[in-house]
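Just below is one structure, and these are the notes that go with it.
The values are calculated or read from the model by the stated rules, or taken from the named source; none is laboratory data. It should be emphasised that the depicted structure is a prediction, and the values quoted were computed from it without experimental measurement. All Cβ positions, even for glycine, are placed from backbone atoms using ideal geometry, and neighbour counts span all protein chains on display. Side chains included, ligands, DNA and RNA excluded: accessible areas come from the protein's heavy atoms. Shrake-Rupley method; radii C 1.70, N 1.55, O 1.52, S 1.80 Å.
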Amino acid sequence: ARTFQELGDAIERLRPADLESYELTDVYQGRGVPADRVSFSLSFTYRAAERTLTGEEVNEAHREFTGRLAAQLGLIQR
């Protein structure tokens, strides 16, 4: 993703049911990031309406979700 809009569009398309919200927390370009890339840091909040999610459930859902995002957009996870 070269823009946050592109990343946000993909998040909305692939959004897991229990993903309540997400927020951009940092954007970085510079040392350690290739010139044609941008580093985005995001915060994700997961919540189920009917029960409390376990940490394991959230971790598994998030790994699957971010893996699909990375594959679809050619992202490098750090």
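List pairs: first residue in segment 2-19 and open to solvent by less than 80 Å² (accessible area, probe 1.4 Å), second residue in a loop (DSSP other than H, G, I, E, B) anywhere in the structure, Cβ distance under 6 angstrom, at least six positions apart or on different chains.
That search, which allows pairs on different chains as well, returns Leu7/Ala1; Asp18/Ala48.
Which of (1) in a helix (DSSP H, G or I); (2) open to solvent by 80 Å² or more (accessible area, probe 1.4 Å) does Glu50 not meet, given it meets every other one?
Status for Glu50: all satisfied but (1).
Does Leu24 satisfy the condition of being touching a Gly at 6+ places or on another chain (Cβ under 9 Å) and open to solvent by 50 Å² or more (accessible area, probe 1.4 Å)?
Against the criterion (touching a Gly at 6+ places or on another chain (Cβ under 9 Å) and open to solvent by 50 Å² or more (accessible area, probe 1.4 Å)), Leu24 qualifies.
Can you say whether Ser43 is among the small types (Gly, Ala, Ser) and touching a residue at least 24 places away in the same chain (Cβ under 8 Å), as far as the supplied structure shows?
Taking the combined requirement at face value, the residue does not satisfy it.
Go through segment 56-77 and give me each residue that's farther than 17 Å from Gln5 by Cβ, open to solvent by 50 Å² or more (accessible area, probe 1.4 Å) and outside any loop (DSSP other than H, G, I, E, B).
Correct list: Glu56, Glu57, Asn59, Glu60, His62, Arg63, Glu64, Arg68, Ala71.
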